[in-house]
Amino acid sequence: MDLDLARVRSFVAVAELRHFGRAAEQLAITQQALSKRLARLEAELDVALVDRGGKGGRGVGLTDAGARFLEPARRALAAADLAVGALGKTRPALRLDAWGHLYGPMRTLARVIDAAPGPDLEPGAGRDLPTVAAAIARGDVDAGFGRVHALPIGAPHGLTHRPVRLEPVDAVLGIDHPLAGADELRPSELRGSVLWCPAAVDRLDFFERFADAFGITEWATGPNLGLEHFVDHLRTDPTCFTLLPADRPLPAGARGVRSIPLVGPTPLYAWSLLWNADRPHPRLPDLLRAFARIGARERWLDHDPTRDWLPDPDHARLAD
């Protein structure tokens, strides 16, 4: 029997992480693609490998067959990697660090990889833009993905970036907030509310520019302990709201909060690819083409200045 190694790799990721969402993020594919790979592997082997009985289908265990298959599967993947490495002729994978994890950057990367397989990526997690920029300058990683804003004085030179997706932003607030009953909101209606931030506002360029543009004068900050903790604060504080991408799902089981579209204008969050223009990775053009193909199909860069709002630097970059 000839096994598809991509399917085997998907099984091993699920088996090790015991979570479909985290396994999909590690592999930079969607959960739907991961589930299809695993189902095809099980059909090929004619045996169930995974027990999907966990809460919400996310917490998973292994069947007896899956437990027996795991270690041989790991050895098969290691042997395949060794065989490819022995040729010494393959181009290295493009190492790409994403940041802004509260906003779910892997959602976008997974869709690009699913829709246009080809660029060989090794996705990783960067702390923030300055950290990823420094890693690119050192050559530790080849590119970055997140929101690019002005870097501090002393930041590395030679970096360039290209916006690849503009994502509408919603207001998220607790059901006891005075505006919670609205079907949509204008950003100016949020004046008088407190902007809830996952870090000091001067470290959050998009939050700071939004507050300046729409007259938000009060904000509160707390530690970034993940989306579930961040959103849960809104349930207990009816004075606060926050901003999240419209396509970013709220945590499973989140109660007592609402996500409300913003209109007149609609704020857009710009996701960009960042790389060293002096030393571009040989596979970077493949990745840029992949973004262009799916971006054109999904209309990721469509925007109307009379309807939408972008921070000035983002707007200027799109006009280049």
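The values are calculated or read from the model by the stated rules, or taken from the named source; none is laboratory data. Since this is a predicted model, take the numbers as computed values, not measurements. Cβ coordinates were reconstructed from backbone atoms using ideal geometry, including for glycine residues, and neighbour counts include every protein chain displayed. With ligands, DNA and RNA removed, areas are computed over all heavy atoms of the protein, side chains included. Shrake-Rupley method; radii C 1.70, N 1.55, O 1.52, S 1.80 Å.
Per residue, what accessible area does the stretch 188-320 have, given a 1.4 Å probe and all protein chains present, in Å²?
Per residue, the stretch 188-320 has an accessible area of 50 Å².
Given q = 0.10, 0.14, 0.17, 0.21 Å⁻¹, what are the Debye log10 I(q)/I(0) values for the stretch 170-305, with equal point scatterers placed on the Cα positions and solvent ignored?
Relative scattering, expressed as log10 I(q)/I(0), comes to -0.41, -0.74, -0.97, -1.26.
Hey, with R₀ at 25 Å, roughly what FRET efficiency would L301 and A213 work out to, going by the Cβ-Cβ distance, to 0.05?
After rounding to 0.05, the efficiency reads 0.75.
For the chain, what is the convex hull volume of the alpha-carbon atoms per residue, in Å³?
So the per-residue Cα hull volume is 153 Å³.
Once every DSSP H run of n ≥ 4 in the chain is given -39500 (n - 2.57) and the sum is divided by its residues, what mean residue ellipticity at 222 nm do you get, rounded to the nearest 500 deg cm²/dmol?
-12000 deg cm²/dmol
Just reorder D64, D114 by solvent-accessible area, largest first, 1.4 Å probe, all chains present.
D64, D114
For the stretch 110-254, what is the convex hull (Cα atoms) projected area averaged across all directions, in square nanometres?
Average projection, Cα convex hull of the stretch 110-254: 10.7 nm².
Once you keep just the Cα pairs under 8 angstrom separated by 6 or more residues, what percentage relative contact order results for the stretch 128-266?
Relative contact order, the stretch 128-266: 34 percent.
For the chain, what's the relative contact order in percent, using C-alpha pairs closer than 8 Å and at least 6 residues apart?
It comes to 20 percent, rounded to a whole number.
What is the percent carbon and sulfur in the accessible area of the chain, measuring with a 1.4 Å probe over the protein chains and ignoring ligands?
Whole-percent figure for carbon plus sulfur exposure: 51.
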